[in-house]
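Undergrad: Here's a structure for you.
Every number here is computed from the coordinates shown, using simple stated rules; none is lab data. Note that the structure is a prediction, hence the values are computed from the model and not measured. A quick note on method: Cβ atoms are made from the backbone with ideal geometry, for glycine too, and the neighbour counts reach across all protein chains shown.
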Amino acid sequence: MTLQTPLKPKDYASDQEVRWCPGCGNYSVIKAVQKVLADAGSDPAETVFVSGIGCSSRFPYYMETYGFHTIHGRAAAVATGVKLANPKLDVWVVSGDGDSLAIGGNHLLHVLRRNVDMTYLLLNNEIYGLTKGQASPTSKVGLKTPTSPRGTLDEPVHPLRFAIGAGARFVARGVDTTQGMLLETIKRAHAYHGAAFVEVLQNCLVFNDGSFDDVAEKSVIADRQLQLVHGQPMIFGRERNRGIRFNTGTLALDMVTIGENGVTEADILVHDENNRAIATMLADLDTTVFPLPVGVLYAHPEASFADKLEPVEHDAPTLLQRLDKALRSGNTWHVA
Amino acid sequence: MTVQGNATASSTATDVRRTVESAVIRFAGDSGDGIQVTGSQFGLEAAIGGADIATFPDYPSEIRAPQGSVAGVSSFQLQLAGHDIHTPGDSLDALVAFNPAALKAALKDLKKDGLLIADAGAFTTRNLQKAGFAANPLEDGSLEAYRVLAPDISKLTMNTVEAIPDIDSTSKKEALRAKNMWALGLVLWLYGRDRKTTAAWIEKKFKKNDQVLKINRAALDAGFAYGETVGLPSTIEPVAVPPARLPAGDYRSVTGADAIVFGLIAGCEQYGLDPVYCSYPITPASTMLHLLAKLGGDQGVRIFQAEDEIAAACAAIGASYAGAVGITGTSGPGMALKTEALGLAVAAELPLVVINVQRGGPSTGLPTKTEQSDLYQAVMGRNGDTPLAVLSVSSPSDGFEVAREAVELAVDYMTPVVVLTDGYLANASEPWRIPDLSALERRSADAHAVPENFAPYMRDPETLKRPWVVPGTQGTIHRIGGLERQDGSGEVSYDPANHQKMTDIRRDKILGIARAIPAQAPTLGETTGDVAVVGWGSTYGAITDAVADLRAEGLKVSHIHLRHIWPMPANLGDLLKGFEHVIVPEMNTGQLVTLIRAEYLIDAKPLNKVSGRPFAVDEIAVAVRSLIKEG
């Protein structure tokens, strides 16, 4: 699967004209993905991108790999079928918030709980882009759109909570404006054996511009993002003096400042990506108050879907003999 | 177990029996009474004994429907005959009623002077009330028109069990559950069948529970012995059914569901391709998934129980995309959910086999009852001009050939193929001559083969199919999808002329299948005449028997039965124009007939039935006679 002579990131770009809006967050995602594939030495002929419907789902057309642009919400199911037929292929699903969490929610749930070997990128722009700006299942309450002119009423679904709840063993988040961290996160996801779920906050500058500005705008990143590194304390802030502490009284996470009220670095929670309870608390953080956790929240390798597939006999003469035996098993009789 | 030779009736040497050419028997009782097992064991004994059989299992959709209620009656009808038969029979020579409700539900189908076996022990006041009887019909003289044998089967079974030397008291309480075996023993004796196969089946089935095994064995033997030793009334005589003159070969019994499974596997193995069967449990299609799961990887089969019908279809498409033969099986409501995915398979031009085991609709409809009302859905039920091939199965064993052909068409034309079978066919069984698999044609699929100047939507000039080049192949990286594709390159294209061209190609590719399939010939009768009775699917047996009867009366009637629903055989229009009248019996409100009228501009007449039960032979014969009379 790994190439003898590595390719460059641009070698993974197809000759198709990219038709995302100029400035779309998707550009940074595809750039990161192409770099990840190049760094991994992935063979484009062994790589398959499967997508559903939506802006994000045009992704396969722009990749110089095998690609299948399917139907709305069903990429996960099609990708599962690809794995059933040929478990050796490197399978990616690229999807959006509507595709993955509205029409395709059921399939996402099941690829995660089955741990189907794939890198699943959910490009979350909190809006329906390709159908021109309707509210999506991740839109914040009160968002005014053509289908919610007086503001949306429904509580949004939180992709990471959903993923953890569904039983995902790899759950991560990236942001389109932090290219380095995004690259590292996707790299980890791609290297993961099983279903690796990555939510990417991705700005739609036409229909929902600035939706993530309070956490993703360059000037606030240091203070508003908590970059998670396994084994490292959860410290953030321009001064690197703020951190997350586990409050044993409330059994919840607190935001503290090192050097204030007797807090030292030793009080800061060390990130353990194998700890599902901590990952759940991180996914639950109210990011209007807390910094946005980015990177790998949870990684707990277990046997994957492909690992558990029953071996299949392929030899045709053997199979015909066995079929004949199956036909003759049980009660048979001879007519002369 | 293999029985050599034309095993005849197992009755003792001194037992002189009247021979009957055929018999139609129905077992009926509560859905917890083990009726289906009883009927299928009887059918197996009859078939192994050399008779031809046709069965009709009929059961409620509830697993344990309210006990004693008419709605909860489960039944199993079969015909056994000393000649080739095609249906489980119209009216009953014998009815075995395990309770009053069963009698209530089935008595109307019992012939005058027919044999009624009833468990008198189950005709309690409460059961009589539940079935809506004011008085006990076994005692009030209302059954005088029939030959009634009404022992207290419940009590006789209990007595039998109590006589087993080392039976424990807990098991005794379970003894009543073996009354079906007692009745089976008696009926086997009455019809001169052996009970060895059933005895062996009991040994295997209950090998982990010695007590239950003994109870069932004892009950079976006791019922059989009851016939032999108890002096039955002179009106109730045991009979013999001679062996049918079937073509020589090794036989087994096969249900419609199992035959399809075997056909799918054989079809894939012809090409050396893996079947990947993706499905979601639904009545009456689940039995295919069960058998495929049992066969598993050893038999080259990958199965996937998907999270829903849509995922099942999509995973099958993904499997085909990656080089296997994606297959999905379902029933009507599930078919509706797969519709969008079928469109994707048509657009992507990938092989896909879809088995629709039709049942009564609309919506959830009649889950366990049969119907043929999904023909429009199969042929036309998609958005866009989205043609695909549609085949239909006409008897339980026919499923083997049809499923095999479905795989061939899917692979050879890179198209979805819908196979229409139905609940009746899926559950029914018949003797099947085991095919010689070594004679299967070895075929080659071009999956993984790279044509010269490869382009994903280049065309085979003969079939118009595109090449099947799968991920993992070097030098042919490409993208496909549901957006309209440029002819040749497969790149996204919104060009008006290209869409016209691609739509035409998709249509012509499917219509071109008509050139490759055999010309339509009458199943029975001449190629011209007064009436062509045109059928498809499970009406086969009833139509062919009706046409045989009509021809015996000297009428110029032929039976034409379609396997290829879409495209239809190239000569069909000309063939039908050779008849004065065309009548199309269908278990729907007239779907094939509409298609035939539209395609050939002929005045084909419908004959429709949607009662959840197959056509009776006579219903078709009557309709044809009146058509001729009306001129």
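Undergrad: If a paramagnetic tag sat 7 Å from the Cα of B:Lys173 along the Cα-Cβ line, which residues of region B:208-229 would have the backbone N under 20 Å from that point?
TA: Under 20 Å, as judged by backbone N against the label point of B:Lys173, lie B:209-216 of region B:208-229.
Undergrad: So how far, in whole Å, is the C-alpha centre of region B:136-206 from the one of region B:525-586?
TA: 45
Undergrad: I want to verify the translational diffusion coefficient of chain B in µm²/s; compute it with Stokes-Einstein, Rh as the Kirkwood radius over Cα pairs, at 20 °C and 1.002 mPa s.
TA: Details: Rh = 26.2 Å.
Roughly 82 µm²/s, to the nearest whole number.
Undergrad: Checking a compactness column here: for region B:567-623, what do you get for Rg(Cα) / (2.2 N^0.38 Å), N being the number of residues? Intermediate results must be reported in sequence, preceding the final value.
TA: Values: Rg = 12.2 Å, N = 57, 2.2 N^0.38 = 10.2 Å.
Relative to the rule-of-thumb radius for its length, region B:567-623 sits at 1.19.
Undergrad: I've got another one for you. Given the convex hull of the Cα atoms of region B:207-273, what is a quarter of its surface area in nm²? Working shown, then result.
TA: Values: hull surface 38.6 nm².
So the mean shadow area of the Cα hull is 9.6 nm².
Undergrad: In region B:462-526, which GluC sites (Glu not before Pro) are in a loop and have at most 11 other Cβ atoms within 10 Å, using DSSP for the loop call? Show your work: numbers first, answer last.
TA: Working: sites: B:Glu462, B:Glu484, B:Glu491, B:Glu526; in loops: B:Glu462, B:Glu484, B:Glu491, B:Glu526.
Sites meeting the loop and neighbour criteria: B:Glu462.
Undergrad: May I pose another question? Output the 0 to 90 degree angle, nearest 10, between the alpha-carbon long axis of helix A:26-40 and the longest principal axis computed from the alpha carbons of chain A.
TA: 60
Undergrad: In whole Å, what is the distance between the alpha-carbon centres of region B:435-511 and region A:216-248?
TA: 52
Undergrad: Would you mind telling me the antiparallel percentage of the DSSP bridges in chain A, rounded to 5? Mind showing how you got there, number by number?
TA: Working: 18 of 49 bridges.
Here the antiparallel bridges make up roughly 35 percent for chain A.
Undergrad: Under a straight-distance cross-link criterion of Cα-Cα below 12 Å, which aspartates and glutamates are reachable from B:Lys509, leaving out those fewer than 8 residues away in the same chain?
TA: Here the aspartates and glutamates satisfying the reach criterion relative to B:Lys509 are B:Glu349, B:Asp412, B:Asp460, B:Glu462.
Undergrad: Considering the alpha-carbon set of region B:173-300 alone, what are its Rg and its Dmax in angstrom?
TA: Considering region B:173-300 through its Cα atoms, Rg and Dmax are 20.3, 61 Å.
Undergrad: Within region A:31-65, whose backbone N sits under 13 Å from a point 7 Å along Cα→Cβ of A:Thr131?
TA: Within reach of a label on A:Thr131: A:53-55.
Undergrad: Report, as a whole number in µm² per second, the diffusion coefficient that Stokes-Einstein gives for region B:140-237 at 4 °C and 1.567 mPa s using the Kirkwood radius over alpha carbon pairs.
TA: Details: Rh = 14.2 Å.
The calculation lands on 92 µm²/s.
Undergrad: Which cross-chain or sequence-distant (5 or more) residues have an amide H under 5 Å from the amide H of B:Ser493, H modelled 1.01 Å from N in plane?
TA: Placed amide hydrogens put B:Glu484, B:Arg485, B:Gln486 under 5 Å from B:Ser493.
Undergrad: Would you kindly derive the ³J(HN,Hα) couplings of region B:377-388 from the backbone phi angles with the Karplus curve 6.51 cos²θ - 1.76 cosθ + 1.60 (θ = phi - 60°), listing them in order in whole Hz, with x for Gly and Pro?
TA: These are the phi-based 3J(HN,Hα) values: 4, 5, 7, 10, x, 9, 6, x, 7, 10, x, 8 Hz.
Undergrad: Can you work out the Karplus-derived ³J(HN,Hα) for every residue in region B:68-74? Use 6.51 cos²θ - 1.76 cosθ + 1.60 with θ = phi - 60°, whole Hz, and x for glycine or proline.
TA: Whole-Hz 3J(HN,Hα) from phi for region B:68-74: x, 8, 5, 5, x, 6, 10.
Undergrad: For region B:14-85, what are the per-bin percents of Cα-Cα distances with bins 10 Å wide, up to the bin holding the maximum?
TA: 21, 41, 25, 12, 1
Undergrad: Something else about it: At 222 nm, what value in deg cm²/dmol follows for chain A if DSSP H runs of at least 4 each add -39500 (n - 2.57) and the sum is divided by all its residues, to the nearest 500?
TA: Working: 10 runs with 90 residues, N = 336.
-7500 deg cm²/dmol, from helical runs alone.
Undergrad: Along the charge dipole of chain B, pointing to its positive end and built from +1/-1 on Cβ of Lys, Arg, Asp and Glu, which listed residue (B:Leu176, B:Leu95, B:Ala150) has its Cα farthest out?
TA: About the Cα centre, the residue reaching furthest to the positive side is B:Leu176.
Undergrad: Taking every residue in B:318-331, how many Cβ atoms of other protein chains lie within 10 Å of its Cβ, on average? Walk me through the numbers before you get to the answer.
TA: Details: counts 18, 8, 4, 11, 15, 4, 6, 1, 4, 0, 1, 0, 0, 0.
Other-chain Cβ atoms within 10 Å of each residue's Cβ, averaged: 5.
Undergrad: Considering Cα pairs under 8 angstrom that are at least six residues apart, work out the relative contact order of region B:18-240 and quote it in whole percent.
TA: On the way: 426 pairs, mean separation 43.6, N = 223.
20 percent.
Undergrad: Still on this model: Compute the convex hull volume of the Cα atoms of region A:224-336, divide it by the residue count, and report the result per residue in Å³ as a whole number.
TA: Details: hull volume 22.2 nm³, N = 113.
Hull volume normalised by residue count: 197 Å³.
Undergrad: Taking the inverse of the average 1/r across all pairs of different Cα atoms in chain A, what Kirkwood radius in Å do you get?
TA: Numbers: mean 1/r = 0.0467 Å⁻¹.
With all distinct Cα pairs of chain A included, I get 21.4 Å.
Undergrad: I've got another one for you. Which order do A:Val48, B:Val593 fall in if you start with the one that has the fewest other Cβ atoms within 10 Å? Display every interim value, and only then the final one.
TA: Working: A:Val48 30, B:Val593 22.
Going from sparsest to densest Cβ surroundings: B:Val593, A:Val48.
Undergrad: Distance between Cα centroids, region B:382-421 to region B:59-127: provide it in whole Å.
TA: 36
Undergrad: Just to be sure I understand the model, the point goes 7 Å from the Cα along the line to the Cβ. What's the resulting A:Lys144 to B:Ala135 distance in nm?
TA: 8.3
Undergrad: Counting residues in region A:139-295 as N, plug N into 2.2 N^0.38 Å and put the Cα Rg over that result.
TA: 1.09
Undergrad: May I pose another question? Suppose the chain between B:Ser142 and B:Ala225 were pulled fully straight at 0.36 nm per residue; how much longer would it get relative to their current alpha carbon spacing?
TA: Numbers: separation 83, 0.36 × 83 = 29.88 nm, distance 2.92 nm.
Roughly 27.0 nm would be gained on extension.
Undergrad: How far, in degrees from 0 to 90, does helix B:540-552 lean away from the longest principal axis of the Cα atoms of chain B, to the nearest 10?
TA: Approximately 70 degrees, to the nearest 10.
Undergrad: Continuing with this model, one more query. DSSP loop (so not H, G, I, E, B), at most 10 other Cβ within 10 Å: list which GluC sites (Glu not before Pro) in region A:251-336 pass both filters. Can you show the working numbers first?
TA: Details: sites: A:Glu260, A:Glu265, A:Glu273, A:Glu302, A:Glu313; in loops: A:Glu260, A:Glu273, A:Glu302, A:Glu313.
Here the sparse-neighbourhood loop sites are A:Glu260.
Undergrad: Could you name the lysines whose alpha carbon sits less than 26 Å from that of A:Lys140, not counting residues in the same chain fewer than 8 places away?
TA: Hits, sequence-local ones excluded: A:Lys132, A:Lys218.
Undergrad: I've got another one for you. Kindly provide log₁₀ I(q)/I(0) values, in the same order as q = 0.09, 0.15 Å⁻¹, from the Debye equation applied to equal alpha-carbon scatterers of region A:68-188.
TA: After summing over all Cα pairs, the log10 values are -0.27, -0.73.
Undergrad: Kirkwood hydrodynamic radius, computed over distinct alpha-carbon pairs, for the protein assembly as shown: how many Å, to one decimal?
TA: On the way: mean 1/r = 0.0318 Å⁻¹.
It is 31.4 Å.
Undergrad: Net charge within 15 Å of B:Arg479 by Cβ-Cβ distance, Lys/Arg positive one each and Asp/Glu negative one each, not counting B:Arg479 itself?
TA: Working: positive: A:Arg19, A:Arg58, B:Arg466, B:Arg485; negative: A:Asp15, A:Glu17, A:Glu64, B:Glu349, B:Glu484, B:Glu491.
So the surrounding residues net to -2.
Undergrad: Right, here's the next one. Thinking of region B:462-603 as a set of Cα atoms, what percent of all their pairs are more than 18 Å apart? If you can, show how the numbers build up before the last one.
TA: Details: 6545 of 10011 pairs.
Taking all Cα-Cα pairs of region B:462-603, the fraction more than 18 Å apart is 65 percent.
Undergrad: For chain B, take the longest principal axis of its alpha carbons; what is the angle in degrees between that and the long axis of helix B:196-205, to the nearest 10 within 0 to 90?
TA: 70
Undergrad: If you don't mind, another one. Is region B:531-584 rounded, prolate or oblate when judged by the Cα gyration tensor, a ≥ b ≥ c being the square roots of its eigenvalues, rounded requiring a/c under 1.5 and prolate requiring a/b larger than b/c? Show your work: numbers first, answer last.
TA: On the way: a/c = 3.04, a/b = 1.36, b/c = 2.24.
Verdict is oblate for region B:531-584.
Undergrad: Which pairs in the list B:Lys173/B:Lys207; B:Lys179/B:Lys205; B:Lys196/B:Lys294; B:Lys208/B:Lys294; B:Lys207/B:Lys294; B:Lys172/B:Lys208 are over 22 Å apart, alpha-carbon to alpha-carbon?
TA: As for pairs spanning more than 22 Å Cα to Cα, those are B:Lys196/B:Lys294.
Undergrad: If you look at just the Cα atoms of region B:18-240, how large are its Rg and its Dmax in Å?
TA: 16.5, 48
Undergrad: If you count the DSSP beta bridges with both ends in region B:203-334, what percent of them are antiparallel, to the nearest 5?
TA: Working: 0 of 9 bridges.
Beta bridges within region B:203-334, antiparallel portion: roughly 0 percent.
Undergrad: Each label point is 7 Å from the Cα along the Cα-to-Cβ direction; what then is the distance between the points at B:Lys577 and B:Glu619, in nm?
TA: Those two pseudo-labels are separated by 3.3 nm.
Undergrad: Can you tell me what the convex hull of the Cα atoms of region B:529-630 projects to on average, as an area in nm²?
TA: On the way: hull surface 23.6 nm².
Spelled out: convex hull of the Cα atoms, projected over all directions, averaged, 5.9 nm².
Undergrad: Hey, another quick one. How big is the C-alpha Rg of region A:290-336 next to the rule-of-thumb value 2.2 N^0.38 Å, as a ratio? Let's see the in-between values first.
TA: Numbers: Rg = 24.4 Å, N = 47, 2.2 N^0.38 = 9.5 Å.
Compactness ratio reported: 2.57.
Undergrad: How well do other chains shield peptide B:293-306, expressed as the mean number of their Cβ atoms within 10 Å of each residue Cβ? Walk me through the intermediate numbers first.
TA: Numbers: counts 1, 1, 3, 4, 6, 8, 8, 10, 4, 7, 2, 8, 0, 6.
Across B:293-306, the average partner-chain Cβ count within 10 Å equals 5.
Undergrad: Which of the trypsin sites (Lys or Arg not before Pro) across region B:104-210 are loop residues per DSSP, with 16 or fewer other Cβ within 10 Å?
TA: Values: sites: B:Lys104, B:Lys108, B:Lys111, B:Lys112, B:Arg126, B:Lys130, B:Arg147, B:Lys155, B:Lys172, B:Lys173, B:Arg177, B:Lys179, B:Arg193, B:Arg195, B:Lys196, B:Lys204, B:Lys205, B:Lys207, B:Lys208; in loops: B:Arg193, B:Arg195, B:Lys207, B:Lys208.
Here the sparse-neighbourhood loop sites are B:Lys207, B:Lys208.
Undergrad: Within the protein assembly as shown, what percent of beta bridges assigned by DSSP are antiparallel, to the nearest 5?
TA: On the way: 49 of 137 bridges.
In the protein assembly as shown, DSSP labels about 35 percent of beta bridges as antiparallel.
Undergrad: Pulled fully out, how much extra length does the chain show between A:His334 and A:Leu153, if you take 0.36 nm times their separation in residues and subtract their Cα-Cα distance? Let's see the in-between values first.
TA: On the way: separation 181, 0.36 × 181 = 65.16 nm, distance 7.16 nm.
This chain segment gains 58.0 nm when fully extended.
Undergrad: In addition: Pairs to check: B:Lys556/B:Lys577; B:Lys112/B:Lys629; A:Lys10/A:Lys31; A:Lys31/A:Lys187. Give those whose C-alpha atoms are more than 20 Å from each other in this structure.
TA: Details: B:Lys556/B:Lys577 15 Å; B:Lys112/B:Lys629 29 Å; A:Lys10/A:Lys31 9 Å; A:Lys31/A:Lys187 12 Å.
Those over the limit are B:Lys112/B:Lys629.
Undergrad: Ok, one more. For region B:591-631, take the convex hull of the Cα atoms, compute a quarter of its surface area, and give me that in nm², please. Don't jump to the answer; show the numbers that get you there.
TA: On the way: hull surface 13.8 nm².
Across all orientations, region B:591-631 yields a mean hull projection of 3.4 nm².
Undergrad: For B:Lys204 and B:Ala598 in one chain, what is 0.36 nm times their gap in residues minus the Cα-Cα distance, to one decimal in nm?
TA: Details: separation 394, 0.36 × 394 = 141.84 nm, distance 5.49 nm.
My answer for the length gained is 136.4 nm.
Undergrad: In a Debye calculation with equal point scatterers on the alpha-carbon sites of region B:354-440 and no solvent, what is log10 I(q)/I(0) at q = 0.21, 0.22 Å⁻¹?
TA: Cα-only, vacuum Debye calculation for region B:354-440: -1.05, -1.11.
Undergrad: Given the C-alpha atoms of region B:252-439, compute the convex hull and give its volume per residue in Å³.
TA: Working: hull volume 18.5 nm³, N = 188.
So the per-residue Cα hull volume is 98 Å³.
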